[in-house]
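Below you'll find the structure, written out as structure tokens, and then a few comments.
Please treat every number below as a calculation from the coordinates, not as lab data. Because the structure is predicted, anything quoted here is derived from the model rather than measured. Positions of Cβ are backbone-derived with ideal geometry, glycine not excepted, and every protein chain shown enters the neighbour counts.
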Amino acid sequence: MIHHAKFREMQKRLLKPAVFLLCLLPLAVLVWQLLSDRLGANPIDAVADSTGEWTLRFLLITLAATPLKHLLGWGWTIRVRRMLGLFAFFYATLHLFTYLWLDQFFDWGEIWLDILDRPFITVGMLTFVLLLPLAATSNNAMVRRLGRNWKRLHRFAYVIPLLGVVHFWWLVKADVREPLVYGVLLAVLLLLRVRRKTFTSRVAGESCAS
Amino acid sequence: MLIRKPSELDESDVTPYEIYQQRRKFLQSGLAVAGAALTGSLWLPPASAAISIAKVKPGPFSTDEEKTDRKDVLTYNNFYEFGVSKSDPSKTAHRMKTDPWSVEITGECEKPGTFTLEDILAPHALEERIYRLRCVEGWSMVIPWIGFPLADLIKRFAPTSKARYVEFETLYDRKQMPGQRRRILDWPYREGLRMDEAMHPLSLMAVGLYGKTLPNQNGAPLRLVVPWKYGFKSIKSIVKIHFRETQPTSSWMKAGPREYGFYSNVNPNVPHPRWSQKRERRIGEFRKRRTLMFNGYTEQVASLYTGMDLKKYF
């Protein structure tokens, strides 16, 4: 029994470092591909695509933490939820810098025109701007300081991936299959919440009646 | 698992001489024998196992800019018939059978008919032309094409005075072109040119690149190259040429009428509705470069469009 408890303790301690390393894996693979010339003829575009897609994936993975807990009883997903969200922000930052540096070479005039004229850039920028306050208020001190408002603010976590999907959708030339897949996954994750809410309130209503 | 990509073929993968000899010897006698009524057949090997083309003279209009790596030309392709990812065509285009191949000539001309590829190519002397290629997506390449002027081909079919436009069609066969199983575009892929554009000496019918026959992913066995227009105008794997009185609607015009016009001339001043066309990334270069009007062919083609509002006719 002692062994079992020790094992649980170790599991608990290793969870976060393990997830942390796992979340860095896409970046490690990308850097390896870049350095070993495996990204094809247009490596810069490949980096932009990859960091953008990993941002979307991490946003969805973060949103999956709560339903996974409810559906499968996995408590650990909640413990790493904040880290997952921060990794979404991390990949979004890499994505943004790829654009600012390797696509526009910090030509701020052009960048500003892009934000004004190109709806997909506008939405992409908006997505990043909305991520900023969430990342900035992710530590425990801010959670305590903001109290109820913290929860309100962090409801943006539902809007941000939606904007991300729109950003992707408006960028593709003809084949919308990929952004569609992300959109469907997002819809499922959001619907699970709505269903749970109506379900729990119905259960609550019934128990009141009885 | 080691899967050898057909695109990674090099000199040593070229068909052994003996096998090549067994075929009728159109190439051997020189694809480029001017005006000769050759009756032999040009053997076009599967996938990108391109074979060398002998006797190619240097043609006009070539740029002396640094050529894009052959490997990049062969592995970075927009050819949606073989998949939407740029790395797809070099992996799946081997499914296309380019021998035998025939081209149907229809519409407003005196000599319509269906011709074998050999018939199409026979009288033309091949030349090498190093052209810039600018994709509508904002990247560009410099490619040494092998081909002959489109005008020379068109003249053979004696288009009538009603022939104001030429329409081209790509092969449509879901078995050979897996990308066509999904209706990303309105298949078969169609493109068109105004007659004077088609007859312009820059317009090239290409059968090869980098000294060899066209790899499938680059539009084998016969493709158009119109260097002052965005890349998608340069239709690949042509099976039909149709002379017509009215302006054709291309596949991309159907897919996005606001985004892709009939002319689609390279123009840094007219943005794609979703992105700027001011600059481009030359494949293999780090920094972007300025996109030139008509992709740098203003001197040759500007007169085709005098008095036209190129913002309206984009």
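Placing a label point 7 Å from the Cα of A:Leu100 along the Cα-to-Cβ line, no residue of the range A:134-164 has its backbone N under 12 Å from it.
Residues whose amide H lies under 5 Å from that of B:Trp139, counting only those 5 or more places away or on a different chain, are B:Arg281; hydrogens are built 1.01 Å from N in the peptide plane.
Taking 10 °C and 1.306 mPa s as the conditions, I'd like the Stokes-Einstein D for the range B:190-314 in µm²/s, using the Kirkwood hydrodynamic radius from alpha carbon pairs. It diffuses with D of about 101 µm²/s by this estimate. Between A:Glu110 and A:Arg196, the modelled label-to-label distance comes to 4.5 nm, taking each label 7 Å out from Cα in the direction of the beta carbon.
Each Lys and Arg adds +1 at its Cβ and each Asp and Glu adds -1 at its Cβ; summed about the Cα centre, the range A:2-203 shows a dipole of about 2060 debye. Ellipsoid semi-axes for the range A:2-203, based on the Cα gyration tensor and the rule √(5λ), read 31, 22, 17 Å when sorted largest first.
Among the GluC sites (Glu not before Pro) found in the range B:91-171, those both in a DSSP coil and sparsely packed, with 16 or fewer other Cβ atoms within 10 Å of their Cβ, are B:Glu110. In the range A:2-203, a dipole from Cβ-located charges (positive for Lys and Arg, negative for Asp and Glu) runs towards its positive end, and of A:Phe97, A:Leu59, A:Phe7 it is A:Phe7 whose Cα lies farthest in that direction. Using the Cβ-Cβ distance between B:Ala151 and B:Asp309 with R0 = 22 Å, the FRET efficiency computed as 1/(1 + (r/R0)^6) comes to roughly 0.25.
Taken residue by residue and averaged, Cβ atoms of other chains lying within 10 Å of the Cβ of B:284-296 number 1.
Among the trypsin sites (Lys or Arg not before Pro) within the range B:152-241, which fall in a DSSP loop and have no more than 10 other Cβ atoms within 10 Å of their own Cβ? Passing sites in the range B:152-241 are B:Lys175, B:Arg183. Here the 3J(HN,Hα) profile of the range A:141-149, calculated from phi with Karplus coefficients 6.51, -1.76 and 1.60 at θ = phi - 60°, is 4, 5, 4, 5, 5, 7, x, 4, 5 Hz, Gly and Pro shown as x.
The charge dipole of the protein assembly as shown, taken about its Cα centre with unit charges on the Cβ of Lys, Arg, Asp and Glu (plus for the first two, minus for the last two), comes to roughly 2980 debye. Between B:Thr249 and B:Glu299, the C-beta separation translates, for a Förster distance of 25 Å, into a calculated FRET efficiency of about 0.25.
Annotation note: trypsin sites (Lys or Arg not before Pro) in the range A:1-109 located in DSSP loop regions with a Cβ neighbour count of at most 15 within 10 Å are A:Arg38. Which links in B:Lys111/B:Lys312; B:Lys55/B:Lys288; A:Lys151/A:Lys173; B:Lys91/B:Lys229; A:Lys173/A:Lys197 stretch past 31 Å when you go from one Cα to the other? Distance filter (> 31 Å) returns B:Lys111/B:Lys312; B:Lys55/B:Lys288; A:Lys151/A:Lys173; A:Lys173/A:Lys197.
Placing dummy labels 7 Å off each Cα toward the beta-carbon, the span from A:Ala136 to B:Arg182 is 4.0 nm.
Taking 0.36 nm per residue of separation and subtracting the Cα-Cα distance, full extension of the segment from B:Arg258 to B:Lys55 would add 68.6 nm. Remark: C-alpha extents of the range B:6-305 on the principal axes read 53, 48, 40 Å, sorted largest to smallest. For peptide A:75-87, the mean count of partner chain Cβ atoms within 10 Å of a residue's Cβ comes to 0.
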